[in-house]
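Everything below concerns the one structure shown next.
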Amino acid sequence: MTQPLYVIPDIHGQLASLEEALSRIKADGGPDTRIVFLGDYVDRGPDSRGVINTLIAGQENGRKWITLRGNHDQMFLDFLEQGRIDNPRLSKPGYSWQHHRLGGVETLASYDLSRPDHDEALQAVPAAHRNWLAGLPLYHLTDDLLLVHAGIRPGIPLEKQSPDDLMWIRDEFHAHTEPFPWLIIHGHTPLDYPAHFGNRIDLDGGAGWGRPLWPAAFEGRDCWVLTDEGRAALPAP
């Protein structure tokens, strides 16, 4: 029997929610489960540092954890590598990684930093965290599923997809209703509860905005959300 694949969507610095999600996965599948994390480990929540510490420690201890890169992880990395807080995708006037809706302030605070000073950040953020962020892959592929933070641009082969789209795309991807070669599992766009759209599943339940973090179990293309009462099927429409 094929072992389930578990998925955890956008965490956004919510360490307690991450620990609860891991507990639900352990209760469903045991301690040695395969988990794919969909990115956005940082920003908005109070303990981005703790989330990264937890994920690094799990991988170093041999957990079968695949951690993908989200757009918020990329913005944090851009700041650490280049001192940048801007991004072309942040098109609204006055928006930057330090805008109160983006959450960079909270990420730096988790490292005991009160301002976006690049030199101070390089001293405060462990090199292991910077290296881990820089090494995060952009997608994970199985026979049935393509797991990615934001989505893909329709009509473009996977190997030619833009990293920018894989981390940021919304409208063009969401508007596409035809089947993809795989069922696409993504986060990035917060909902009130995970939803199945036929050709894709959005698992982001809005943990970054204080809503629950919903882990999911997959057996082939079949999906269940893991609640405090066990599995809840997420059928195709």
Provide Rg and Dmax in Å for the chain, with only Cα atoms included in the calculation.
-> 17.1, 52
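Of the DSSP beta bridges with both residues in the chain, give the percent that are antiparallel, rounding to the nearest 5.
Taking every DSSP beta bridge with both residues in the chain, the antiparallel ones total about 55 percent.
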What percentages, rounded to whole numbers, describe P(r) for region 71-202 computed over all alpha carbon pairs with 5 Å bin width beginning at zero?
-> 2, 9, 18, 20, 16, 14, 11, 7, 3, 0
For ASP78 and PHE180, compute 0.36 nm times the residue count separating them, minus their Cα-Cα distance, and round to one decimal in nm.
-> 33.6 nm
Interchain or long-range residues, amide H under 5 Å from ILE185's placed H = LEU146, LEU147, VAL148, ILE201
In terms of Cα to Cα distance under 29 Å, which lysines are near enough to LYS92, apart from those fewer than 8 places away along the same chain?
-> LYS160
In Hz, Karplus ³J(HN,Hα) per residue of region 109-125 (6.51, -1.76, 1.60; θ = phi - 60°; x = Gly, Pro) = 4, 5, 9, 6, 10, 9, 8, x, 8, 4, 5, 5, 5, 5, 7, 8, 8
Cα coordinate range in region 1-122, projected on the principal axes (Å, largest first) = 51, 28, 22
Rounded to the nearest whole Å², what accessible area per residue is found for the chain with the 1.4 Å probe?
-> 45 Å²
With Cβ to Cβ distances under 12 Å as the rule, what net charge do the other residues near ASP165 carry (K, R +1; D, E -1)?
-> +1
With Cα coordinates, the longest principal axis of the chain makes an angle with the long axis of helix 48-60, in degrees rounded to 10, of 60 degrees
May I ask you to list the lysines whose Cα is less than 24 Å away from that of LYS64, ignoring any residue fewer than eight positions away on the same chain?
-> LYS26
Regarding region 37-92, what is the average projected area of its C-alpha convex hull, in nm²?
-> 4.6 nm²
Measuring from centroid to centroid over Cα atoms, what is the spacing of region 1-60 and region 103-141 in Å?
-> 18 Å
May I ask for the angle, rounded to the nearest 10°, between helix 15-29 and the longest principal axis of the chain, with both axes built from Cα atoms and the value confined to 0 to 90°?
-> 20 degrees
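How large, in percent, is the carbon and sulfur part of the accessible surface of region 106-219 at a probe radius of 1.4 Å?
Carbon with sulfur: 50 percent of the solvent-accessible area.
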Expressed in square angstrom to the nearest 10, the accessible area of TRP214 with a 1.4 Å probe stands at 40 Å²
Based on the Cβ-Cβ distance from ARG153 to GLN3, what FRET efficiency comes out when R0 is 25 Å, to the nearest 0.05?
-> 0.20
Dividing the helical contributions, -39500 (n - 2.57) per DSSP H run of n ≥ 4, by the residues of the chain yields a 222 nm value, nearest 500 deg cm²/dmol, of -8500 deg cm²/dmol
ASP171 to ASP144: extension gain in nm, 0.36 nm per residue of separation minus the Cα-Cα distance?
-> 7.4 nm
Quick calc: nm separation of the 7 Å Cα→Cβ label points for GLU219 and SER91 -> 4.3 nm
Rounded to the nearest whole number, the per residue volume of the convex hull around the C-alpha atoms of region 65-115 in Å³ is 99 Å³
Which of these, ASP47, ASP73, ASP32, has the largest mean-square fluctuation under a Gaussian network model of the chain (Cα springs below 10 Å)?
-> ASP32
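The values are calculated or read from the model by the stated rules, or taken from the named source; none is laboratory data. Fair warning: this is a prediction, and the values are worked out from it, not measured in the lab. Using ideal geometry, Cβ is built from the backbone for each residue, glycine included, and neighbour counts are taken over all protein chains shown. These area figures cover heavy atoms from the full protein model, side chains too; ligands, DNA and RNA do not enter into them. Shrake-Rupley method; radii C 1.70, N 1.55, O 1.52, S 1.80 Å.
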